[in-house]
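One structure below.
The values are calculated or read from the model by the stated rules, or taken from the named source; none is laboratory data. Remember, it's a predicted structure, so these values are computed and weren't measured experimentally. In this analysis, Cβ positions are derived from the backbone assuming ideal geometry, glycine residues included, and neighbour counts consider all displayed protein chains. Surface areas here come from the heavy atoms of the whole protein model, side chains and all, with no ligands, DNA or RNA. Shrake-Rupley method; radii C 1.70, N 1.55, O 1.52, S 1.80 Å.
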Amino acid sequence: MKIALYPGTFDPITFGHIDIAVRASKIFHKVVAVVAENPGKKPLFSISERLEMVKEAFSEIPEIQVESYSGLMVNCLNDFGATVLIRGLRALSDFDYEFQMAFTNRNLRSTAETVFLMPSSRYIYLNSTIVKQIAKLGGDISSFVPKYVMQKVHKKFNNEICN
Ligand code: ADP
């Protein structure tokens with residue numbers, strides 16, 4: 001059984017994340033979406049809030065399991081019996097950082113492979129930071145995140161727009 005991990009901060013989960021996880025689930029028998037604690041990024045949502053939103057996003061896809069993790073991803077690979085890390089590649093901006101991460105993980109564990117997937121062109125400029133910036137200013141984020149995520153983001157910013 002080929003298992004892949006899809007790690008991320010998911011602060012919050014967007015249609016871009018979902019696009020990548022669904023593509024991965026068609027290639028691997030099982031995909032574990034791993035919500036990383038990542039305190040260095042000072043996430044807007046707590047780990048349990050992020051976990052809940054990611055679980056909701058994949059609730060109808062049995063091939064995608066959702067877990068949280070606070071350690072090294074190469075150790076997480078072992079815990080789930082996986083050898084593959086899935087990462088999404090957007091425009092050029094992701095490339096350098098993702099290359100560094102992939103080689104670092106391979107140096108830490110020689111069997112760790114990183115597989116990069118490209119999202120639908122609609123999502124190549126979408127990231128969680130943009131979603132938060134738009135929402136903070138009271139803008140419409142309905143085309144970037146699922147409805148329940150949109151409501152939670154607006155609530156965080158005390159926005160009244162909660163369709
Ligand atoms: P991290 O802090 O690990 O970068 P993110 O939640 O920002 O966590 O992203 C997790 C993964 O999802 C990364 O590989 C990132 O490139 C990918 N990703 C996020 N948004 C998109 C998107 N719109 N299209 C493709 N991949 C994406």
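Structural remarks
- Other residues with beta-carbon under 10 Å from the beta-carbon of THR83 carry, at +1 per Lys or Arg and -1 per Asp or Glu, a net charge of +1.
- Between ARG106 and GLN133, the C-beta separation translates, for a Förster distance of 35 Å, into a calculated FRET efficiency of about 0.55.
- Stretch gain in nm, segment SER121-SER142, where the contour uses 0.36 nm per residue and the Cα spacing is subtracted: 5.8 nm
- Under 15 Å from LYS42, Cα to Cα: aspartates and glutamates that are on another chain or at least 8 residues apart: ASP11
- For segment 140-146, putting each phi into the Karplus relation 6.51 cos²θ - 1.76 cosθ + 1.60 with θ = phi - 60° gives couplings of 8, 10, 5, 8, 10, 9, x Hz, in residue order, rounded to whole numbers and with x for Gly and Pro.
- Along the axis of the charge dipole computed for the chain (Cβ charges of +1 for Lys and Arg, -1 for Asp and Glu, origin at the Cα centre), the listed residues VAL31, GLN133, ILE64 are led at the positive end by GLN133.
- Accessible area of the chain belonging to carbon and sulfur atoms, whole % at 1.4 Å probe: 53
- For GLU60 and ASP79, the difference between the fully extended length at 0.36 nm per residue and the C-alpha to C-alpha distance is 4.4 nm.
- The chain shape via C-alpha gyration tensor axes, a/c threshold 1.5: prolate
- Annotation: per residue accessible area for the chain equals 56 Å², rounded to a whole number [probe 1.4 Å, protein chains only].
- Rolling a 1.4 Å probe over the protein heavy atoms leaves MET101 with an accessible area of roughly 70 Å².
- For VAL32, the residues 5 or more places off, or on other chains, whose built amide H falls under 5 Å of its own are ALA4, LEU5, TYR6, GLN65.
- Sites matching trypsin sites (Lys or Arg not before Pro) across segment 16-64 that sit in DSSP coil, with at most 13 neighbouring C-beta atoms within 10 Å: LYS26
- Considering helices alone, the calculated mean residue ellipticity of the chain at 222 nm is -11500 deg cm²/dmol, with DSSP H runs of length four and up weighted by -39500 (n - 2.57) and normalised per residue.
- When the P(r) of segment 1-65 is calculated, the portion above 19 Å amounts to 27% of the C-alpha pairs.
- Rel. contact order, % - alpha carbon contacts under 8 angstrom, at least six apart, the chain: 27
- With all protein chains in place and ligands, DNA and RNA left out, the 1.4 Å accessible area ranks PHE95, PHE45 as PHE95, PHE45, largest first.
- For the listed residue pairs LYS30/LYS136; LYS41/LYS152; LYS30/LYS156; LYS41/LYS132, the alpha carbons are over 25 angstrom apart in LYS30/LYS136; LYS30/LYS156.
- Here the 3J(HN,Hα) profile of segment 3-8, calculated from phi with Karplus coefficients 6.51, -1.76 and 1.60 at θ = phi - 60°, is 10, 10, 9, 10, x, x Hz, Gly and Pro shown as x.
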